[in-house]
1. Take the residues in the stretch 1-44 that are within 15 Å of residue 204 (Cβ to Cβ) and part of a loop (DSSP other than H, G, I, E, B); name whichever of them is farthest from the chain's Cα centre (by Cα).
2. Consider the stretch 142-162. How many of its residues are over 20 Å from residue 180 (Cα atoms), surrounded by fewer than 17 Cβ atoms within 10 Å (Cβ to Cβ) and not charged (D, E, K, R)?
3. Which one of these is modelled with pLDDT of 95 or more, out of contact with any His (no Cβ under 7 Å at 6 or more places or on another chain) and in the same structural domain as residue 131 (by TED's automatic domain parsing): 82, 57?
4. What helices (runs of 4 or more DSSP H), lying completely within the stretch 170-288, carry at least 1 residues that are among the aromatic types (Phe, Trp, Tyr) and free of Cβ contacts under 8 Å to residues at least 24 places away in the same chain?
5. Which count do you get for residues in the stretch 132-141 that are over 11 Å from residue 175 (Cα atoms) and surrounded by fewer than 24 Cβ atoms within 10 Å (Cβ to Cβ)?
6. Answer yes or no as to whether residue 259 is in contact with a Pro (Cβ under 7 Å, 6 or more places away or on another chain), modelled with pLDDT of 95 or more and either loosely packed, with under 12 Cβ neighbours inside 10 Å or not assigned by TED's automatic domain parsing to the domain that holds residue 179 (or both).
7. Does the stretch 15-38 include one or more residues that are β-branched (Val, Ile, Thr), over 20 Å from residue 96 (Cβ atoms) and buried (at least 16 other Cβ atoms within 10 Å of the Cβ)?
8. Which of the following residues is touching a Phe, Trp or Tyr at 6+ places or on another chain (Cβ under 8 Å) and small (Gly, Ala, Ser): 247, 228, 255?
Amino acid sequence: MNFETLEYNVEGHILTLRLNRPDRMNAFTTPMAHELVAAIDAADADDDIRAIVTTGNGKAFCAGADLGGGSSTFDYDEKPDNAQDPTAAPRDTGGRVTLRLFQCTKPVIGAINGAAVGIGATMTLPMDIRLASERARFGFVFARRGIVPEAASSWFLPRVVGISQALEWCMRGHVFGADEALAGGLVKAVYPEDQLLPAAYAIANEIAENTAPVSVALTRQLMWRMLGEDHPMAAHKLDSRGVYFRGKQADAQEGVMSFLEKRPANFNDKPSQDMPEFYPWWEEPQYD
């Protein structure tokens with residue numbers, strides 16, 4: 001696929017999605033937001049893609065919102081979604097991206113190769129695994145810009161790193177290194193620059209070569225959406241449905257037989273057409 005602000009490349013079963021404005025340190029723009037949503041739409045529709053690795057071209061991952069608009073950068077003239085409500089506001093573009101990542105059926109691995117500041121940091125939060133290079137820098141700098149955390153990060157960040165760490169990073173608004181990100185639980189591991197993508201691809205390939213795509217898609221949504229439930233009974237009901245319906249599908253038979261026959265599994269169920277009957281459960285009336 002051809003994009004202006006992204007590179008979209010599929011090799012094997014892995015999509016590499018590169019932010020591609022290196023002359024602006026991959027600074028985030030509205031066109032980039034639209035293209036990121038379109039890229040995830042395309043990935044979800046392509047059953048050959050089993051994992052996504054996201055990184056940046058050049059020396060940065062994403063240095064934040066493009067501040068080329070000067071002092072009016074965050075002064076939106078766009079008409080609010082609910083024009084009848086005087087307190088309404090247009091939805092921020094970063095939030096549209098993170099919500100689309102949240103809904104993705106493919107596992108997303110962030111290979112954070114450099115500066116990830118503002119939206120550059122918050123867009124990584126709904127990614128499932130985050131790895132960083134030694135030269136990566138992070139910053140939830142919103143209070144230093146006179147705004148507040150965006151891209152649904154007030155929901156995501158405390159769930160990823162805990163409320164105390166999330167508050168400290170957002171209230172201080174400082175830029176910090178990969179070691180602090182690792183200690184705070186934001187990233188899984190830190191690598192020398194030349195080892196970052198190989199490490200990301202190793203994880204992506206293990207998922208792609210050994211797991212059932214429908215099972216991965218369901219697991220991803222079960223894990224994320226259970227974070228909002230207040231009792232394990234909600235998880236018990238849903239994973240019971242998952243085991244019951246998946247147990248009737250071909251992948252479950254293949255998973256057992258490949259184990260007994262000591263051979264690699266060949267999973268053929270597809271997320272685009274073989275999701276169980278109860279999916280997406282959050283659209284049922286009890287989840288309104």
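The values are calculated or read from the model by the stated rules, or taken from the named source; none is laboratory data. Bear in mind the structure is a predicted one, so any value in this text is a computation, not a measurement. Every residue, glycine among them, receives a Cβ derived from its backbone with ideal geometry; neighbour counts consider all protein chains shown.
1. 12
2. Initially, the stretch 142-162 is screened for residues over 20 Å from residue 180 (Cα atoms), giving 145-148, 150-152, 155.
Right, trim to surrounded by fewer than 17 Cβ atoms within 10 Å (Cβ to Cβ) and you get 145-148.
Going one step further and asking which of them are not charged (D, E, K, R), we end up with 146-148.
Here the count works out to 3.
3. Values: 82 fails: modelled with pLDDT of 95 or more.
Exactly one of 82, 57 is modelled with pLDDT of 95 or more, out of contact with any His (no Cβ under 7 Å at 6 or more places or on another chain) and in the same structural domain as residue 131 (by TED's automatic domain parsing), namely 57.
4. On the way: elements: 178-183, 193-210, 213-226, 232-247, 250-260.
Helices (runs of 4 or more DSSP H) meeting the threshold: 232-247, 250-260.
5. Number satisfying all stated conditions: 3.
6. Working: in contact with a Pro (Cβ under 7 Å, 6 or more places away or on another chain): no; modelled with pLDDT of 95 or more: yes; either loosely packed, with under 12 Cβ neighbours inside 10 Å or not assigned by TED's automatic domain parsing to the domain that holds residue 179 (or both): yes.
Criteria not met by residue 259.
7. We begin by selecting, within the stretch 15-38, every residue β-branched (Val, Ile, Thr); these are 16, 29-30, 37.
Now restrict to residues that are over 20 Å from residue 96 (Cβ atoms): 16.
Then keep just the ones that are buried (at least 16 other Cβ atoms within 10 Å of the Cβ); that gives 16.
Yes, the stretch 15-38 contains a residue that is β-branched (Val, Ile, Thr), over 20 Å from residue 96 (Cβ atoms) and buried (at least 16 other Cβ atoms within 10 Å of the Cβ).
8. Step by step, each of 247, 228, 255 is checked, and only 255 is touching a Phe, Trp or Tyr at 6+ places or on another chain (Cβ under 8 Å) and small (Gly, Ala, Ser).
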